[in-house]
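The values are calculated or read from the model by the stated rules, or taken from the named source; none is laboratory data. Keep in mind that this is a model prediction, so the values were computed, not measured. No Cβ is skipped: glycine too gets one built from the backbone with ideal geometry, and neighbour counts run over all protein chains shown.
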Amino acid sequence: MHALPRFDERFAVSGEMAFLRPLAGRLLAHRRWMRERPFVTLSWSQSIDGSVSVSRSHPYALSCRKTLEMTHRLRALHDALLVGVNTVLSDDPQLTVRHCPGDDPQPVVLDSVLRIPESARLLNHPSHRPIIVTTDRATQAKATRLAALGASVQRVARSADGRVDLDAALDRLGSLGLRSVMVEGGAEVIQSMLAAQLVDYCVVTIAPTLLGGVKALEQPCRTHSEAPLTIVDCRYQAVGADLVAYGPLGAR
Ligand SMILES: NC(=O)c1ccc[n+]([C@@H]2O[C@H](COP(=O)([O-])OP(=O)(O)OC[C@H]3O[C@@H](n4cnc5c(N)ncnc54)[C@H](OP(=O)(O)O)[C@@H]3O)[C@@H](O)[C@H]2O)c1
């Protein structure tokens, strides 16, 4: 039997992670079609009451060890891994693949005015220059300092609320050759990605915890006259102590 070529190996998921095969297949197909706009997977962990953390300024480890492994397997399937700047401020994440074999995705931060600290661990990423997507509201002085520390600062259009325009951000990531983006949060980014209807696929980890904190979604994603966004043909997988709901996103 011939070994799979390197290109396909990255999308091979087996064993306990075999339930990720439909997503891996979509990511591979999207790459083969050479679509300009990256495929967007939204993945977050929440308590049973829908909280992603206790407070915006503190990280809270919700996933069990097995779902942490799954998250890292998901990271390795994607070209880029995107978070909002508040997550960088509160968690100081590394955004690398550490709990499974695989390559690190390109880290991306949405940061309209360049609030990212110059001491952020991301600026010492072991394999990529982090991309910081910002707007013309950010000062050139901070952009220059971040570039000197190794960041790739990308200015795109801003939306009506002054934040990074998500369409423009995804177009820019596509033009940089990134074919898939895993969005990991936090809550504001989850909300705005869903409201802008830019999500192709969802993987939601539900931990058996009652947290009562920052909710993944605090506003409707659609107007009242529109059908709610739905994980179409949603499947459920028990992973360690958690439950994972997953599938493509559409309207009911
Ligand atoms: N459970 C999980 O899966 C998970 C995952 C990640 C994070 N978290 C938790 O989530 C919390 C942080 O979440 P958060 O809601 O405060 O912040 P966030 O979503 O991490 O970051 C939001 C910030 O990103 C910037 N941004 C730029 N353009 C944006 C756009 N178009 N839409 C949305 N945001 C945009 C905005 O700051 P500017 O206006 O300054 O640009 C905004 O305030 C932390 O407690 C963290 O631990 C949980």
Quiz item: Across region 205-215, which residue is modelled with the highest pLDDT among those that are near the ligand (Cβ under 9 Å from one of its atoms) and either farther than 20 Å from Arg75 by Cα or out of contact with any helix residue (DSSP H, G or I) (no Cβ under 8 Å at 6 or more places or on another chain) (or both)?
Solution: Val214
Quiz item: Taking interchain pairs and intrachain pairs at least six residues apart, which have beta carbon atoms under 7 angstrom, with the first residue in region 139-152 and without any contact (Cβ under 8 Å) to a residue 60 or more places away in the chain and the second basic (Lys, Arg) and surrounded by 11 or more Cβ atoms within 10 Å (Cβ to Cβ)?
Solution: Gly150/Arg129; Ala151/Arg129; Ser152/Arg129
Quiz item: Right, Leu20: in contact (Cβ under 8 Å) with a residue 12 or more places away in the chain, in contact with a helix residue (DSSP H, G or I) (Cβ under 7 Å, 6 or more places away or on another chain) and among the hydrophobic types (A, V, I, L, M, F, W, C) or not?
Solution: yes
Quiz prompt | Residue, nearest to Arg65 (Cα to Cα), within region 216-252, restricted to residues that are small (Gly, Ala, Ser) and modelled with pLDDT under 95 | solution = Gly250
Quiz item: Of the residues Gly25, Gly50, Gly84, which single one is under 19 Å from the mean Cα position of the chain (by Cα) and on the phi > 0 side of the Ramachandran plot?
Solution: Gly50
Quiz item: Which one of these is more than 9 Å from the ligand (Cβ to nearest atom) and among the β-branched types (Val, Ile, Thr): Val108, Val83, Val113, Val88?
Solution: Val108
Exercise. From the list Val88, Val83, pick out the single residue that is touching a strand residue (DSSP E or B) at 6+ places or on another chain (Cβ under 7 Å), under 25 Å from Ala216 (Cα atoms) and without any contact (Cβ under 8 Å) to a residue 60 or more places away in the chain.
Key: Val88
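Residue-wise test of (1) touching a residue at least 60 places away in the same chain (Cβ under 8 Å); (2) of a type outside the set (Phe, Trp, Tyr); (3) over 19 Å from Leu23 (Cβ atoms).
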position: Asp200; (1), (2), (3): yes, yes, no
position: Ile206; (1), (2), (3): yes, yes, no
position: Lys215; (1), (2), (3): yes, yes, yes
position: Thr223; (1), (2), (3): no, yes, yes
position: Leu229; (1), (2), (3): no, yes, no
position: Arg235; (1), (2), (3): yes, yes, no
position: Val244; (1), (2), (3): yes, yes, no
Quiz item: Do you know which residues across region 99-112 are in contact with a strand residue (DSSP E or B) (Cβ under 7 Å, 6 or more places away or on another chain) and either without any contact (Cβ under 8 Å) to a residue 40 or more places away in the chain or under 13 Å from Thr135 (Cβ atoms) (or both)?
Solution: Pro107, Val109, Leu110, Asp111, Ser112
Quiz item: Of everything in region 18-61 that's of a type in the set (A, V, I, L, M, F, W, C), within 16 Å of the ligand (Cβ to nearest atom) and buried (at least 19 other Cβ atoms within 10 Å of the Cβ), which residue is nearest to Thr209 (Cα to Cα)?
Solution: Val52
Quiz item: Hey, among the residues in region 154-184 that are away from the ligand (no atom under 13 Å from the Cβ) and in a strand (DSSP E or B), which one's surrounded by the fewest Cβ atoms within 10 Å (Cβ to Cβ)?
Solution: Ser180
Exercise. Mind telling me which of the residues Ala138, Ala61 ends up being modelled with pLDDT under 95 and part of a loop (DSSP other than H, G, I, E, B)?
Key: Ala61
